[in-house]
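Below is one structure, written out as structure tokens; comments come after it.
Coordinate-derived values only; no laboratory data. All of these numbers come straight from a predicted model, not from anything done at the bench. FYI the Cβ positions are ideal-geometry reconstructions off the backbone, even for glycines, and counts take in every protein chain you see.
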Amino acid sequence: ALDGPYRFRGTFGPAGVEREIRLATAKAEGDGTIRFKASLRLADAGSVYTLDGRLIDLMGKSRMDGELTAKLPVNSIWQSGPRSSTSTHAKGSGADAKSQPGDVAFDLKANATADVAGASRTDLALSFEQDGRPQLMTGTVKASWRDAFAVDISLASQWLDLDRLAGTPENSSPLDSIVPLALRLRDLLPAEGRSRARFVVDQANIAREAISGLRLSLVRSRDRLEVEELRLGMPGGSRGEL
């Protein structure tokens, strides 16, 4: 019927890296609000995003709010991330980045809002468990596009094992774990406009040492990446800063 509900299912993208999108709506409520559920599946990465929300005032000041959840294999966003002994990846094929049953994956949850001027993800939580020890990152993601396109990402964690996340071998230097982190944060920032990412970790395992007070801030403008700040507390109470 013209007044809904509606269902849509489709794919887009080149062969081997198709994205599948599904959308289902309820009938419009008396005030015009439309509840919906949308999902996006990245076949090559094994990532699945789900948005359970509502569309408000479509004929006026249109806006959306809802809850975003996702399952993100570590290897899909951190290409050098750990792989379990049960994982198999065919070298030289597009399946290299696909998630395997034993791969570690992030669980993402966030409150999502959007209107014609921008969008935000608040109360964002990225969590996963590794070797029986939970790890958690929290923060916000904001995007604006009314005057100029810009994205601001802020993430924080009380404790992270960056060596395991980055897949760095033994006898590595701290930069061997920090550089992959910076590159992954860069990949989260769009090339268009001017974007910023901030990352703060109270305690981290880097180069097989306990590091405190890690602070990393990056700014990306088109193809240019700037490190605004890099600080970390070194073993023995000393500090490093760039």
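Full extension of the chain between residue 15 and residue 71 yields a length gain of 17.9 nm, computed as 0.36 nm times the residue separation minus the alpha carbon distance. Checking the Cα-Cα distances for 61/142; 37/109; 27/142 against a 21 Å cut-off, the pairs over it are 27/142. Model label sites at residue 28 and residue 192, defined 7 Å from Cα along the beta-carbon direction, differ in position by 2.9 nm.
Ordering of 57-64, 118-125, 40-47 by packing is 40-47, 118-125, 57-64, highest average first (other Cβ atoms within 10 Å, averaged per residue). Among residues other than residue 218 with Cβ under 15 Å from its Cβ, the summed charge is +4 (Lys and Arg +1, Asp and Glu -1).
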